[in-house]
Each structure stands twice: as C-alpha cells, then as structure tokens.
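Below is one structure; the comments refer to it alone.
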Amino acid sequence: MPAEPGAATVTIIVAPGQRFSLAPRSLRSLAAHTAPPFQLVYVDAGSPVAVRNEIAALAAVHGFTVIRNERPLPPNRARNLGLAAATGDVVVFTANDLLFTPGWLPPLLDGARETGAGLVSPVILIGGAREGRIGFAGGDLVIDRTVEPSIAAPTDRFAGRRVADVAGQLSRTPSDYGALSCVLARRDLLQRVGPLDELTRKSYVAAGATKLYLEFFTIAGLIYLLLTIISMLLLTQLERYASRGVRRGV
C-alpha cells in the first residue's frame with residue numbers, strides 16, 4: 001500500500017525496554033494496530049532464545065527488519081542502531097514492552113504536520129488497562145535562573161493520575177520534552193543535532209573494568225539528566241528557528 005502523495009514516510013524503531021516478557025505481545029499489538037505503509041526496524045539486544053525466535057518468526061510474517069545483538073545494549077545505543085537503518089521522513093521511537101491501541105499513530109503524524117512540532121508524544125499509560133493511570137502526558141521544564149548555572153527540572157503532567165479523572169484536561173498541548181518509550185521525531189531534526197547520547201554505554205565499559213558500578217552509574221545519570229535537558233532546550237530553539245515566518249491558527 002503506497003503512501004499518499006505528500007504524506008510523510010514513517011520509520012518505527014523498537015528498542016529494548018524494561019522487560020523481555022512483553023516483547024512478543026508488544027510486537028503483535030504494534031503489527032495489529034498500525035496501518036501501512038511504514039518501515040519497522042526492531043533492535044533485538046540480548047533477548048532470551050524463546051523471545052528471539054518469536055521475534056524472528058513475526059519478522060518473517062510481517063517483513064520487517066531485525067537488528068540482532070547477542071548482548072544487552074543501553075537504550076540509546078539500540079536506538080542509534082535503528083536510526084542508522086531508518087529511511088522515513090519521521091521516526092517513531094518505541095519500547096519493546098509497550099502495548100499499542102488501535103489508531104495510535106495517525107494522531108502523532110497529524111500533530112507533527114499541523115503544528116510543525118519536532119517531537120510528538122502520545123499519552124502513555126502504566127499498570128493494568130483497567131487502572132488507566134497516566135505515565136506520561138507531556139511535561140514542563142522549570143528553569144531556576146536564580147542560581148548560576150541555571151537549573152532545569154522536568155515536571156511530568158498528570159503522572160499517576162487516572163485518565164477518567166482528568167479526561168477533560170487532556171488535549172494537544174505544547175510540551176518541553178517527550179517520552180522516549182514512544183515519541184515521534186522528524187528525522188532531519190535528529191540528523192542536525194546528531195545521534196542520541198550513548199553515555200551509558202561508556203559507563204558500562206568503565207564500571208566493568210573498575211568494578212565501581214555505583215560511582216560510574218551515579219555520575220552517568222547526573223550527566224545524562226543534564227544533557228537531556230540541554231538537548232530538549234536545543235530542539236525547542238531549532239523548532240522555533242525552523243518555524244520563523246509561519247503563521248499558525250489557534
């Protein structure tokens with residue numbers, strides 16, 4: 001099924017999440033609830049044999065690309081491997097333990113096209129489906145400029161709240177950052193800012209060599225938080241630069 005003329009081409013990159021047990025179910029839900037055309041790149045890193053075989057079988061049925069690594073990879077390393085194989089105008093990063101609902105992708109594409117946003121994330125739920133609790137629904141960076149250097153603190157909106165309790169407040173709104181467990185990004189924007197940070201990979205190597213796991217991972221976590229905040233601020237500035245002279249309706 002070819003893409004409509006003028007429509008953005010899409011690459012979906014699945015990277016390792018927090019658990020392998022959901023990976024086959026996640027992939028089946030992705031295939032069932034995502035309308036073609038799209039390119040799917042699945043990064044399978046260190047999964048158990050049973051999961052690996054099921055992923056390979058699903059790949060044979062649905063015709064998507066699997067990048068296999070025998071050992072686990074830091075999430076951003078896996079995402080960068082997938083990104084190197086991407087061909088779409090837009091890239092959707094997802095995790096292998098995320099379950100998809102019908103019609104999840106078109107609103108992300110519409111949001112990017114209609115607003116010119118460089119990043120678009122959906123509402124992401126956590127826990128059981130019946131609970132309907134929000135894991136991510138956008139966020140704000142609160143910048144404290146009373147100190148030098150300034151400190152930016154991310155604040156997630158509605159985190160832990162039930163969807164039923166805040167349904168009237170959920171709408172398409174600007175967000176200072178997205179959630180890498182499911183976020184759409186323009187590929188040209190990613191190419192301009194460079195690959196995702198792989199600091200955690202270097203920390204694995206250093207910690208393994210010195211056995212100072214707590215020290216290296218703590219330092220890496222602090223640096224990664226700082227780099228994430230800086231990257232999101234840079235993406236916001238690039239988006240504003242790219243949108244100069246564009247008038248948008250309310």
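Within the stretch 54-66, does at least one residue satisfy the condition of being farther than 10 Å from ASN96 by Cβ, assigned to a strand (DSSP E or B) and not acidic (Asp, Glu)?
yes
If you check LEU141, LEU125, which single one turns out to be within 17 Å of the chain's Cα centre (by Cα) and in a strand (DSSP E or B)?
The unique qualifying residue is LEU125.
Okay, residues lined up against (1) closer than 28 Å to ASP188 by Cα; (2) among the β-branched types (Val, Ile, Thr); (3) in contact (Cβ under 8 Å) with a residue 40 or more places away in the chain:
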position	(1), (2), (3)
PHE20	no, no, yes
PRO37	yes, no, no
GLY46	no, no, no
VAL49	no, yes, no
ALA57	no, no, no
ALA84	yes, no, no
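Here is a check on your reading of the model: is VAL41 surrounded by 17 or more Cβ atoms within 10 Å (Cβ to Cβ) and either within 20 Å of the chain's Cα centre (by Cα) or within 18 Å of LEU184 (Cβ to Cβ) (or both)?
yes
Output the residues belonging to the stretch 156-173 that are among the charged types (D, E, K, R) and in contact (Cβ under 8 Å) with a residue 40 or more places away in the chain.
Of everything in the stretch 156-173, just one residue is among the charged types (D, E, K, R) and in contact (Cβ under 8 Å) with a residue 40 or more places away in the chain, namely ARG172.
Give the residue that is farthest from TYR177 (Cα to Cα), with candidates limited to residues of the stretch 109-140 that are among the aliphatic types (A, V, I, L, M) and surrounded by fewer than 21 Cβ atoms within 10 Å (Cβ to Cβ).
Checking each candidate, the answer is ALA129.
Restricting the search to the stretch 77-102, which residues are part of a loop (DSSP other than H, G, I, E, B) and under 12 Å from the mean Cα position of the chain (by Cα)? Full working, then the answer.
Of all residues in the stretch 77-102, those part of a loop (DSSP other than H, G, I, E, B) come to 85-89, 96-102.
Scanning the stretch 77-102 gives ASN96, LEU98.
Computed from the coordinates by the stated procedures, all read-outs in this text should not be read as laboratory data. Remember, predicted model here, so these are calculated numbers, not experimental data. Glycine also receives a Cβ, built like all others from the backbone with ideal geometry; neighbour counts cover every protein chain displayed.
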